[in-house]
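None of the figures in this text is laboratory data; all of them are computed from the coordinates on show. If you're wondering where the values come from, they're calculated on a predicted model, not measured in any experiment. Positions of Cβ are backbone-derived with ideal geometry, glycine not excepted, and every protein chain shown enters the neighbour counts.
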Amino acid sequence: MVTLEHYLILSALLFCVGIFGLLTRRNAVGVLMSIELMFNSANINFIAFSKFITPEALTGQIFAIFVITIAAAEATVGLAIVVLMYRNFNAVNVDKINFMKW
Amino acid sequence: MQIELSLLSPQLFLLLWAILVFVVDFFTAERNKASLAYLSIIGLVLTAIISISSKQGETFGGSFRADTFGLSFNIIFLGSAILTVASAVDYVKAHLKHQGEFYGLILLSTVGMMFLSASGDLLTLYVSLELATISLFVLAAYMKSDLKSTEAGLKYLILGAASSAILLYGISLLYGISGTLVLDAIALKLSQMPTVGPLFILSIVMIIAGLSFKLAAVPFHMWCPDVYEGAPTPVTAYLSVASKAAGLAALIRIFFKSLASTSMQWVPLLMAISAMAMILGNVVAVRQHNIKRLLAYSSIAQIGYILVGFIAVSELAVTSIILYVLAYMFANIGAFMVVIAFYNVSGSDDIMAYAGLSKRSPFLAISMVVFLLSLVGIPPMAGFIGKFYLFSAAIEKGYYWIVVLGVLTSVISLYYYMSIAYQMYFKTGDDDSPVRVSPTMAVALVVALAGTLLIGVYTQPVLSAISGASSAFF
Amino acid sequence: MIKYSYIIAFLPLLSYVLIVFFFSKREKTASGIAITAVVSSFVLSLIALFETLADHGPHIFEYEWIVIPGLKLPLSIFFDPLTAVMLMVVTIVSSCVHIYSLGYMHGDPRFSRFYAYLSLFTFSMLGLVLSGSFFVTFIFWELVGLTSYLLIGFWFEKKVASDAGKKAFITTKIGDLGFLAGLLVLYWAAGTLNYSEVYHQIEENQIPAIILTAAGILIFCGAIGKSAQFPLHVWLPDAMEGPTPVSALIHAATMVAAGVYLTARIMSIIVVSHTAAMTIAYIGAITAFMAASIGLVQNDIKRVLAYSTVSQLGYMIMALGVSGYTAGTFHLMTHAFFKALLFLGAGSVIHAAHTNDIQQMGGLAKKMPITSKTFFIASLSIAGIFPLSGFWSKDEIFASIYHEGHYFLLALAVLVAGMTAFYMFRLCFLTFTGEARDYHVYEHAHESPKTMTYPLIFLAFLSIFAGWVGMPWLEHGYSSFVYFEHPHHAAANYVLMIVGTIAALSGIFLAYQMYYKRAIDPVKMGARFKPVYTFIYNKWYFDELYMGTVIKFAYWFMEVLYRFDQGVIDWFVNFVGRFGMFNSRVWQTFDVYVVDGAVNGAGFMTRWFAGGLRKIQTGAVQNYAFVIFLGVVLLMLFKMI
């Protein structure tokens, strides 16, 4: 039997993988993908809670659909900026970009 | 379920107007694009009028609520947008391509914020927050061939999206604990719970972290100086006020409404954040040479002051935050307007370049001094009254040490703000050609000056206008 | 109009803002705005005066300013006959000075700034008069002090001028400290600083007498500073380094009278507390006598007038000290007109002669007919000659002192009246009559332009007639308008009138003999009474006394701190060398090592700290993300512990 706890642990793990990717990936596209993982871990939470805590209402599942939309929008803008970055810096490595500091 | 769309009329009107701006942009010749700025201002002013005159109430089952609190913040968002657009006309014409979209995106972002301040559940709140933020990602990277702008956009996007994910995770946990997304219902549910578990703590920490990113409060402020420096200056001005105000509106909606019964849990967290913001913002600002970076650190410090009032969690806290943000709006956008006007002529954001500005443009110099004094909190500027209220709210609840810290760090802030005044008034620069200020900019500056001074000397009308705002919570 | 009387004060403020922001480059427009504003204020004040004549009030209006739970700071207006009279005085003199300055300041490089300052001053003074609580009065009181400082040091290129500005600022601040302390005492006892509420509580005997005495004397300290009373009178003569119209407006007619006004406002305390009353009366008397004696021998035309001002202010304070509310404020009004006239006349003379030294003048009456005539009128008025303004107000003061039975003070007052007449006519005779002592000065002298002489004529008119409203025979004169609690309508006392006139006439006669007829040689007189002469010529050695005690102590204290700072070894090594030069270096070194050291130390710490902290900002986006997660973890830990 898969319980709420299983889902929560899965989502926590997914979230941590996302964080790990965000902090270690060099490639900007990889960083964006890691952020997507974090969003999706939250989605798992929403759906799991929706199923186990409020089975009569669909709020959590609807929230997840909204999040997917938003994540798509965010990815669009993110990829556009990555293209811009490739044009200007001739690289997609985020660790190359630190002109502004201190 | 009765749906009353008329309550949404300001938001919907501005949304349509933003689309109108995009459409008109197609049919406008390149040399006439500046007229789109005026078109946007007209739309914003009309929206403000509609907001003030439209009725209050709630609809969509409590997901959307039009009340005095939301109205106060809407006026702040609209005010910052108007001032930003007015100050941006020359800058945009000279430095940016695709002028029409620029104004359209600002309007869209404002729409998002206006939905945000009116949201009655976490879903509306989150979606409108994203609408406001994603437009700003684009705006930050708007100077397409400029390396700094691209870098700003990238940093803002990555960190913004990551914070958004953290916020979302926090929200999902809160949903799991309370079983609902409606703010009132969460409050009810939480008040029935005898104790709080670690999961709840994790959820509020994550919500605080996600929203603190919007506020640029320490330690979630790292993006702030870089993005402020790299983004086109009008966008920076808008970011520094409207975006922060939006974060505050969300924070107040969630914490004063849903989580008020658990304030014992989160007040220490916010107090720590406030103290760190005041110290770090004010101290690091001392060593800045770029005026946009300096103002970025100063804005971090300002959020620290606002949180001093926030932790009081009282009627006075709501009133004082709105009052302070209003004062901050005039002073901070005003200061950025001077920066824009100066950049338009000199092409420099270096504080050293401001040497001798009092000779080159007495009007800009004195305006800057007024805005900076307001930011320090010197009477009779608006900032003084605002700070006075914020600190009284904290004192009322007995948080003395943080007020002392606030006053002490304000003294440090006097040093770096006045070093700008020192450059302008007591140094002579190489260039002494007069700095011309365009009429639109001059009008915007006068409005900001008037706001800064009027709120400072005659506060009562403003106070009575926003006094109803706290009734949504207490 | 009374209800909207704040407009009276705000017009000059508006003018200040307009000049500073928009017309600093356009001199004509700037002066035009300032004059329009102040004259409009005058007209509005006149309307308000008539309304007050119909209904004495006091009219009280409150405007909410800051209201939060536990603290209420309203802006209030307290409008009674005294307010109306003060408004008239301030706006009339200010209008005259504004117009006069058109000529006097013509060609000054900071012409518009001068008008901006004049407007700001007028605003603060009107605000002070209108305000309905001690607290707001105090704010305007400080603002008035600030603008006075700006105007004294207006020609800051002159070191004496900027020094005088500083001296005025610091000396009056000492008094203000007392004022503030008095307010705190009063607030602690009464729980409010509103005039009407404080008066009410005193009337109901809700405040113990001992506290009232303390509060009264402390608040009076403010008046001592601002009205240049003994022992803080030293700043006013030096303040004469400012432009002469400023001296006329601020240091003769209005600002220095603010101290008298404040003393009048605490009349209800004076009435209750005998100790406070006597302190005030005797400080006034001492000041009146001392300043008059110094005025006898000064040679700088403006300094004579300055000491005369100090002396006359002492008169008013003395009158208030013996509960002569009507007399003190009446003299305040008449004095404002003739003293402003005297100063503006002196300005006209200086404008023509380019010197302040009356020993170099002489015979100027022929060259400057209008100035000399008006100056004589003012002198007759201040001397108290029937039937000019000064006669009536001085007589009123004598009458109230006599009424209270202070015969010693009365004798002193009559003596000072004689001295006043003497030094004023010494001044007149030396300046305007006799032979030209400096041919060069005489040759270049000329009558001033119309913008300067018209205000003189107008003020001369007031110097003659303004006092008639206070004739003792009038049924509804001044005494039934401005009074404390009950109109005090004394019958005319002919003996006092005659005594006063005799004193004045003998003063004039003596001056006539010495400086017109030359029947008595002033130099020989000086030689005969050499010790006295030297003593008063050196202004009773007050500056030297302060230099020798207070300032020397300050120097000594600096020295002690300095040595402490330097440490034993350093001190031993440098002992011999430093000993010789410490006199000149103490101030400077103290500044550099202790004050700057402390400031720089704090600054250095901050900068160093900032340097470390800003290194966190590496510029790499993943480091930023790391800090965010670290923040989440730390907050979590912070909460769990």
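Judged by the mean number of other Cβ atoms found within 10 Å, the most tightly packed of the peptides B:410-423, B:113-126 leads the ranking B:113-126, B:410-423. Shape analysis of the stretch B:64-140 places it in the oblate category; the axes a ≥ b ≥ c from the Cα gyration tensor give an a/c of at least 1.5, with a/b not above b/c.
What is the order of A:V67, C:V523, C:V20, fewest Cβ neighbours within 10 Å to most? With the sparsest Cβ surroundings first, the list reads C:V523, C:V20, A:V67.
After finding the eigenvalues of the alpha carbon gyration tensor for the stretch C:328-380, what semi-axes result from the square roots of 5 times each, listed largest first in whole Å? Present the calculation step by step, with values, prior to reporting the outcome.
On the way: eigenvalues 112, 26, 14 Å².
In descending order the semi-axes read 24, 11, 8 Å.
Taken residue by residue and averaged, Cβ atoms of other chains lying within 10 Å of the Cβ of A:52-63 number 4.
Of all lysines in the structure, the ones whose alpha carbon falls short of 27 Å from that of C:K450, not counting any fewer than 8 places away in one chain, are C:K25, C:K28, C:K302, C:K339, C:K366, C:K367, C:K373.
Expressed as a whole number of Å, what is the distance separating the alpha-carbon centroids of the stretch B:385-431 and the stretch C:216-251? Centre-to-centre distance over Cα atoms comes out at 34 Å.
Every helix of 4 or more DSSP H residues in the protein assembly as shown counts as -39500 (n - 2.57), and over all residues that averages to -24500 deg cm²/dmol at 222 nm.
Averaged over residues, the count of other Cβ atoms within 10 Å places the peptides B:225-234, C:458-467 in the sequence B:225-234, C:458-467, highest first.
Can you figure out the FRET efficiency of B:V443 with C:I498, using R₀ = 56 Å and their beta-carbon distance, to the nearest 0.05? If you can, show how the numbers build up before the last one.
On the way: r = 70 Å, r/R0 = 1.25.
E(calc), rounded to 0.05, equals 0.20.
Exposure proxy for B:E30, C:E62, C:E27: other Cβ atoms within 10 Å of each Cβ, ordered fewest to most, give B:E30, C:E62, C:E27. Packing-based ranking of B:294-307, B:145-158, C:181-194 yields B:294-307, B:145-158, C:181-194, ordered from highest to lowest mean Cβ neighbour count within 10 Å.
Under the definition of partner shielding as Cβ atoms of other protein chains within 10 Å of a residue Cβ, what is the mean value for peptide B:174-186? If you can, show how the numbers build up before the last one.
Working: counts 1, 10, 12, 2, 3, 8, 5, 7, 1, 0, 0, 0, 0.
Averaged over the peptide's residues, the number is 4.
In the stretch C:366-450, what GluC sites (Glu not before Pro) fall in a loop by DSSP, with at most 12 other Cβ atoms inside 10 Å? For GluC sites (Glu not before Pro) across the stretch C:366-450 that sit outside H, G, I, E and B with at most 12 neighbouring Cβ atoms in 10 Å, the list reads C:E435.
Principal-axis analysis of the Cα atoms of chain B puts helix B:362-376 at an angle of about 30° to the longest axis.
Starting from the stretch C:400-502, pick out the trypsin sites (Lys or Arg not before Pro) whose DSSP state is loop and whose Cβ has at most 16 other Cβ atoms within 10 Å. Loop-located and lightly packed - C:R437. Between helix B:315-346 and chain B there is an angle of about 30 degrees, using the helix long axis and the longest principal axis of the Cα atoms. Among the residues of A:88-95, the average count of other protein chain beta-carbon atoms within 10 Å of the residue beta-carbon is 3. Among the chymotrypsin sites (Phe, Trp or Tyr not before Pro) in the stretch B:1-103, those located in a DSSP loop and surrounded by at most 15 other Cβ atoms within 10 Å of their own Cβ are B:F27.
Where does each of C:L634, B:L14, C:L49, C:L120 land when they are ranked from fewest to most other beta-carbon atoms within 10 angstrom?
Values: C:L634 14, B:L14 28, C:L49 18, C:L120 24.
In increasing order of surrounding Cβ atoms, one gets C:L634, C:L49, C:L120, B:L14.
Let me make sure I get this right: for the stretch A:4-100, a, b and c are the square roots of the gyration tensor eigenvalues over alpha carbons, sorted descending. Under 1.5 in a/c it's rounded, otherwise prolate if a/b > b/c, else oblate. Which is it? Because a/c hits 1.5 or more and a/b fails to exceed b/c, the stretch A:4-100 counts as oblate. Against chain A, whose longest principal axis is taken from its Cα atoms, helix A:28-52 shows a tilt of about 10°.
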